[in-house]
Amino acid sequence: MNILEFLAGINPVAASGAIVVLIGLWGILARPNLFKIAIAFTIMETGVNLIILSVGYIRGRTAPILDSAADAATASARMTDPVPQALVLTAIVIGLAVTALMLSYAVRLRAGGGASSIESYGEEKW
């Protein structure tokens, strides 16, 4: 198998999702600012959602919508799986709540007289 065949077989949505996950992971590991870490976590979550959606997509199939009950058997054979789409929709809602919680913690730490850099909390113990 040559390189062109390998590149043709890559799912572009999954590849872009993996790149977005790596960008978010770099942002988490390389940035000391709590606000930037929260945003990088959200970026990484978006990449994971893209990967989950790309797993459920099958080329040549239609959206999981039934038009009428008469041709339900043939229509269900042409549909993609709706479960990954439902999981991503749920993950988006949960991710919004987690992002709001991370940002509220960062604001409270900053307002309490601390710094927004994670390095200033290095001596803290659990």
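The numbers here are math on the coordinates, done by the rules we state, and not lab data. None of these values were measured; they are calculated from a predicted model. Using ideal geometry, Cβ is built from the backbone for each residue, glycine included, and neighbour counts are taken over all protein chains shown.
Loop-located GluC sites (Glu not before Pro) in region 24-126 (DSSP state not H, G, I, E or B) with no more than 15 neighbouring Cβ atoms inside 10 Å: Glu123, Glu124. Axis angle, to the nearest 10 degrees, between helix 83-111 and the longest C-alpha principal axis of the chain: 10 degrees.
Note: relative contact order over the chain, using C-alpha pairs below 8 Å and six or more positions apart, is 25 percent.
For the pair Leu103 and Ala30, label points projected 7 Å from Cα toward Cβ lie 2.3 nm apart.
Rounded to the nearest angstrom and listed largest first, the equivalent-ellipsoid semi-axes of the chain from its Cα gyration tensor are 40, 21, 8.
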